[in-house]
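Novice: Attaching a single structure in structure tokens format; questions to follow.
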Amino acid sequence: MKRILFLLVTICFITLTIFKVDANNLTFPLIGKTIVIDPGHGGLDQGASYQDIFEAELNLEISIKIKDELEKQGGIVIMTREGNYDLSRPNAIYRKKSDFDNRIKLINNADADLYLSIHLNKYPNASYYGPQIFYVDNYKENKNIAEILQRELNDNLNTKRQIKRIGNAYYMYEKLNVKGVLIECGFLSNTKERTSLLKGEYQKELARIISKGIIKYYS
Ligand SMILES: [Zn+2]
């Protein structure tokens, strides 16, 4: 009798283990989700800089890694740019506005579930560090997405930044008809963080954490 009981418990345990492995590894939690990744700046506008390091380039490198991660999880990813260019109309008088307008159009027409705008921060006080999520509240849900991603980043990177609502300080975000957030992935003004942000391995880690946060939001 004891033997049979032991056998039953063992079978139960094996079944649970297999089920867990299946749930963790063999399913694609982002299947059916379309996510737009918007690497900030590009072309004429290189964003924040430190010596010869430019935000636009790093935004793109990080965005491509987030794209890879999200696709691995079954998501469909649309990028607003895939090279170091901006989206302005040739000969547009207001290049920056034209760039924003075309990004807005692209994101709004993508029939997407979520957008992630990828940026890097810079601040006069070099001691500031850590990724920070910004959101506009044209969708109530945006604050929730921001909180989940911020918690995931803080927990994994041992940082303490807090989400921040942005009003009409940014031309683009309130005009988007898709839920989403702006991720400032770190501070170029902080020596330690800047060194990390230049490394592919750290960029990949950021991408994995962001992807995990998105999965948590949808689960
Ligand atoms: Zn930026």
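Novice: Please work out which one of (1) surrounded by fewer than 21 Cβ atoms within 10 Å (Cβ to Cβ); (2) in contact with a helix residue (DSSP H, G or I) (Cβ under 8 Å, 6 or more places away or on another chain); (3) aromatic (Phe, Trp, Tyr) is the condition TYR94 fails and give its number.
Specialist: (2) is the only condition that TYR94 fails.
Novice: Further question on the same structure: Taking the range 24-64 on its own, how many of its residues are touching a strand residue (DSSP E or B) at 6+ places or on another chain (Cβ under 6 Å) and either surrounded by fewer than 17 Cβ atoms within 10 Å (Cβ to Cβ) or not hydrophobic (A, V, I, L, M, F, W, C) (or both)?
Specialist: Result for the range 24-64: 8.
Novice: Which residue out of ASP68, ASP52, ASP22 is under 28 Å from GLU205 (Cβ atoms), among the charged types (D, E, K, R) and at pLDDT below 90?
Specialist: Of ASP68, ASP52, ASP22, the one residue that is under 28 Å from GLU205 (Cβ atoms), among the charged types (D, E, K, R) and at pLDDT below 90 is ASP22.
Novice: Being in contact with a Gly (Cβ under 9 Å, 6 or more places away or on another chain), among the polar types (S, T, N, Q) and surrounded by 21 or more Cβ atoms within 10 Å (Cβ to Cβ) is the requirement here; does SER196 meet it?
Specialist: no
Novice: Any residue in the range 202-219 that is in contact (Cβ under 8 Å) with a residue 24 or more places away in the chain sitting within a Cβ distance under 9 Å of a residue that is aliphatic (A, V, I, L, M) and open to solvent by 40 Å² or more (accessible area, probe 1.4 Å)? List the pairs, counting only those 6 or more apart or interchain.
Specialist: GLN203/ILE64; ALA207/ILE64
Novice: Which members of the range 70-87 meet the condition of being crowded, with 22+ Cβ neighbours inside 10 Å and among the polar types (S, T, N, Q)?
Specialist: Across the range 70-87, the qualifying residue is only THR80.
Novice: Another question, if that's okay. Please work out if LYS67 is surrounded by fewer than 17 Cβ atoms within 10 Å (Cβ to Cβ) and more than 12 Å from the ligand (Cβ to nearest atom).
Specialist: Taking the combined requirement at face value, the residue does not satisfy it.
Novice: Then there is this: Which residue, of ASN177, ASN168, is more than 16 Å from the ligand (Cβ to nearest atom) and in contact (Cβ under 8 Å) with a residue 60 or more places away in the chain?
Specialist: ASN177
Novice: Can you find, within the range 165-187, the residue that is most open to solvent (accessible area, probe 1.4 Å) among those that are of a type outside the set (Val, Ile, Thr) and part of a strand (DSSP E or B)?
Specialist: Here the answer is ARG165.
The values are calculated or read from the model by the stated rules, or taken from the named source; none is laboratory data. For clarity, every value in this text was computed on a predicted model and none was experimentally measured. Virtual Cβ from ideal backbone geometry, glycine too; neighbours counted across all protein chains shown. For the accessible areas, the whole protein counts, side chains as well, though only heavy atoms, and no ligand, DNA or RNA atoms are used. Shrake-Rupley method; radii C 1.70, N 1.55, O 1.52, S 1.80 Å.
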